[in-house]
Structures are given as structure tokens and as C-alpha cells.
1. Take the range B:190-211 and flag every residue that is of a type in the set (A, V, I, L, M) and modelled with pLDDT under 90.
2. Out of the residues in the range B:31-68 meeting the condition of being at positive phi and part of a helix (DSSP H, G or I), tell me which one is nearest to the other protein chains (Cβ to nearest Cβ).
3. Restricting to the range B:191-245, give me the number of residues that are touching a Gly at 6+ places or on another chain (Cβ under 9 Å) and without any contact (Cβ under 8 Å) to a residue 12 or more places away in the chain.
4. Specify the residue that is nearest to the other protein chains (Cβ to nearest Cβ); the eligible residues are those in the range A:25-43 that are β-branched (Val, Ile, Thr) and either in contact with a Leu (Cβ under 8 Å, 6 or more places away or on another chain) or farther than 15 Å from B:Lys221 by Cβ (or both).
5. Kindly provide the set of residues from the range B:16-38 that are in contact (Cβ under 8 Å) with a residue 60 or more places away in the chain, surrounded by fewer than 20 Cβ atoms within 10 Å (Cβ to Cβ) and not charged (D, E, K, R), ordered by number.
6. Looking only at the range A:67-89, decide whether some residue is of a type in the set (Ser, Thr, Tyr), under 30 Å from A:Glu5 (Cα atoms) and at pLDDT below 90.
7. Can you confirm whether B:Gly277 is crowded, with 23+ Cβ neighbours inside 10 Å and within 26 Å of B:Ser211 (Cβ to Cβ)?
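The values are calculated or read from the model by the stated rules, or taken from the named source; none is laboratory data. Owing to the predicted nature of the structure, the values given are computational and were not obtained by experimental measurement. A quick note on method: Cβ atoms are made from the backbone with ideal geometry, for glycine too, and the neighbour counts reach across all protein chains shown.
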Amino acid sequence: MINIEDYEAMAKLSLPEAERSLIRDRAQALTESFAELERVNTDGVAPLVTVLDIKNVLREDVAVKIITRDELMSNAPEHEDGYFHVPRTLD
Amino acid sequence: MDYFITDYKTGNASAVALEDSIMQKNRPVTAGSKILENFISPIDATVVTRLQNGNFPIAGKLKMDEFGIPPVFADLPDELSSAVRIVADNKAAFSLCNDLFGKYRRQAPEFGCCYIHPGYGTVSRFGLIPLASSMDQIGVVCKNLRDGFELLSVIAGNDVNDGAMFPDKAYVYKRADKKPGVCVPGAALSRASERSRESLKSFASGFNPVSAELPYFDLYKQLMCILSCAEISNNINRYDGVKFGYRAPGYKGINDMYVKTRTEGFGVETKLAAIMGAMVLSKDQYVPYYEKAMKIRRLIKDSLRFDEYDIIALPCEIEGGGYENLGLFALPALLGLPSVSFPYNGGGIQLIANVRNENLLLTAWEECVA
């Protein structure tokens, strides 16, 4: 059985018990269906990461302004003097 | 039916409605999630700018599943989407939405509408709240494909703000000179309902259908689940209550703020996708799941025979419930292929063409419907 709690921590979640039970059952069913992938021989096959044959897009190293600081801060839950306000991050 | 997220709506039946994952400056954009309930967009999406430049009125922002993840992912009951219903009810001429999991392609024909899913790299994703970045593409709900492709030509074209696009600055969609060759894979046909099967056979009979299979068809749903959840979990990492969006009250410390915010802000389908994504990308599961899925994705690409046929025709529903039908609509997302769906003879038809061959989809539809 999948240890849901490990992946909750990775995803920064803490599930209520009713949700944990539903998600555990669903994740278990989905994972069991993934076993069918093993029957496909993929030796020597390169992963297909992107569907387009694209190169990294570059532009001139020139500063452009598409948004102001006030616009950026306008959606912040808490901010002060142009800084995002958060709990202490270092002990 | 209430289609919109707010009172902001024009009531203009010739307007274009936007799924609420498409940003419109100074308007709320929530992607159907509590975690963005108070977010006001600072920008216009490129598709919005192009609609406005083309003098298309915007009808409003449509209610949607949270981040576009359908309830069938968690094996929960599904609902009719606002994006399809508003066009079916003639309250808007078109809807724009991101149909990653095929919900709109499946529902549109049931209600007398069509859906166009452009090839990846055709329509700018700038200003679209991302779900799975290698698969996201804004498509069109419309009453008929001719009008839908005309609208698509307004919003499609290269955008410097989206780094994964074809270079074409504009697209003109028109009937091709040749009649497309059509393939109807037996694996999908045999699992369609009787109504869908008859509809598909009737459609294909007008095109001298080619016999060909989709060798990995039964694995499409697993690939779609693994790859989309991996990308979704990555994309929703940004929702942490720091710079924007919902921040939970009553936290103790930074990590508690993250956990409370995301636990309270996300619905169950999004949490499932986040946990599945964390799992398939974790150290011990990455190779057997994520890397394996990407390798099979290449095998699928190599298995298609667009030298023998031009279009793959599929039903819009097969037996087996929501998870099985996830696989039915996966191919365009997995390989960036253009597709359409439309009603035909009592059933829904889904057509898929090779990259940059949207014209053949329009041609096939005009051959049988127009």
C-alpha cells in the first residue's frame, strides 16, 4: 500500500483523514494500473521530453518593464515597504 | 444556468467567453481554485489582446474545474462544463479553454457543439494559468468548425512571450486540395458504444478508410496520468501563500504556512494530482514511472503512420468509465497533435491530424457535414 504521508510532506499538504482515505485508495488504484508499463521494452529508447523541436529562446540583455512594483505587490497577502511579509525562514 | 465566476458579464451572444484560467487585466482570475480566490490579474493573456485587437467582445470568465482537472481523475462524478453549455445555449458564440484531459472534446458533441484543440505551439500560452506546460494549449468551443477555425486564426500565431511556439506569425485555415485519408483504429472502435460505433463507421465510409492500429492505445491513460501529474505538481508548487493568492490564517512558522495554505486552498482532485506528481518524480519512482512514461511516449510517436493516413478517427466515448476515457483523448496532449470533435449522425467524432495539419481536420469536417 502506498505510504501517502511521505508524499503529502513532499507536496506540502496535510490531508484531513476523509480526504487521505479517498486519495490513498485512488492513488493505489492508479499506481496498480502503472504496472502495465513494465511489459513494454524500452531498452535503448530516448525519453521524449518535449514534442516540439525547439531551441532555448533568447533575447537581448536589455532591461524591460512589463509590470510595476505596485502591480506586483497588489496581490500579496502581506507586504511591507516593498517586501513580501512571511514568517521567519531561518532559525 | 450561471456560467460565470462573477457579475462581470456582457450578455453578448456574439462574444467570446473565457475559461477562468485565461488572464484579463484588472479582472479576477481564479482557475476555479480557492487558492486564487482573491487574485486580480495584472496582465492580459495574449489571446485576450488579440481578441480585443480584432474587436471581439469578451463575454466574461467561466466557471471551471479547479485548474482544469476533471473530477473523473479522482473517480468522482463529472458535470457539464460552462464552456460548452454557454455556446450550446447560444449565450456566447465561442469559448476559449485549455482541454488537457479531453473533457470539452467529449462534451461538446453531446450538446451540438464542436471543439478545436490546436497543435501545441500554435496558440500562445502567455497569460494562461499553467496546468501541464508541455501539453497546455488554448482551444475553441464553437457551433461549427468553419467559424471556430476563423476565430482560431485570430488568436493563433507566434508570440515572443511564449518560448515554445512555431515561428509562423499568422495562420489561415482553409480547405485542403486533397481529401484526407482516414484511419479508424480497431481497438477504439471495438470499445465504443453502439451509437458511437455506427457514427464512426458512417463517417469513415466517406473516406476509403485505412486499416491501422494504435499499438500502445491501452497505455495512453497511464502515460497521461503520470506525465500530467508530474507537471501539474510542479506548476502548483508556486501556490504557497507568499507572493499572491490565498494565505491560511493561524499558521505557526513558514512551513506551517505553506502546508495550511495549500491544504485549505486546494480541492481533492488537485491534491491527488500533487501527491501523484510527488510520487512519480520521487527518487525511487522516477525511473520506473516518469522516465518509463517518457520513453513510451517516444514509442507512441514512432508508432503513428501519418505516411499511410492523414487523420486518425476516434469515438468521443468508450466503455470503462472516466479513467479509460482519459486515454481516449490523450494522444493530442502527449504528442502536441491538433484535433477536433463534432457531432455526427447521433454520436461524437474525434479527429486527430499530424502536427501543423489543422487544415485536414477542417477539410474532413466539411466533406461530411457542410
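1. B:Val210
2. The first filter runs over the range B:31-68 and keeps only residues at positive phi, leaving B:31-32, B:55, B:60, B:67-68.
Cutting the leftovers down to part of a helix (DSSP H, G or I) gives us B:67-68.
Details: B:Phe67: 14, B:Gly68: 18 Å.
Filtering the range B:31-68 for residues that are at positive phi and part of a helix (DSSP H, G or I), the one nearest to the other protein chains (Cβ to nearest Cβ) comes out as B:Phe67.
3. Final tally of qualifying residues: 1.
4. So in the range A:25-43, the residues β-branched (Val, Ile, Thr) come out as A:31, A:40, A:42.
When the remaining residues are screened for being either in contact with a Leu (Cβ under 8 Å, 6 or more places away or on another chain) or farther than 15 Å from B:Lys221 by Cβ (or both), the result is A:40, A:42.
Details: A:Val40: 6, A:Thr42: 4 Å.
Across the range A:25-43, the extreme among qualifying residues is A:Thr42.
5. Once the filter is applied, which keeps residues that are in contact (Cβ under 8 Å) with a residue 60 or more places away in the chain, surrounded by fewer than 20 Cβ atoms within 10 Å (Cβ to Cβ) and not charged (D, E, K, R), the range B:16-38 yields only B:Asn38.
6. yes
7. Numbers: crowded, with 23+ Cβ neighbours inside 10 Å: yes; within 26 Å of B:Ser211 (Cβ to Cβ): no.
So B:Gly277 does not fit the description; no.
Yes/no per residue for (1) closer than 27 Å to A:Arg26 by Cβ; (2) among the hydrophobic types (A, V, I, L, M, F, W, C); (3) more than 9 Å from chain A (Cβ to nearest Cβ):
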| residue | (1), (2), (3) |
| --- | --- |
| B:Ala192 | yes, yes, yes |
| B:Leu214 | yes, yes, yes |
| B:Arg238 | yes, no, yes |
| B:Tyr246 | yes, no, no |
| B:Met257 | no, yes, no |
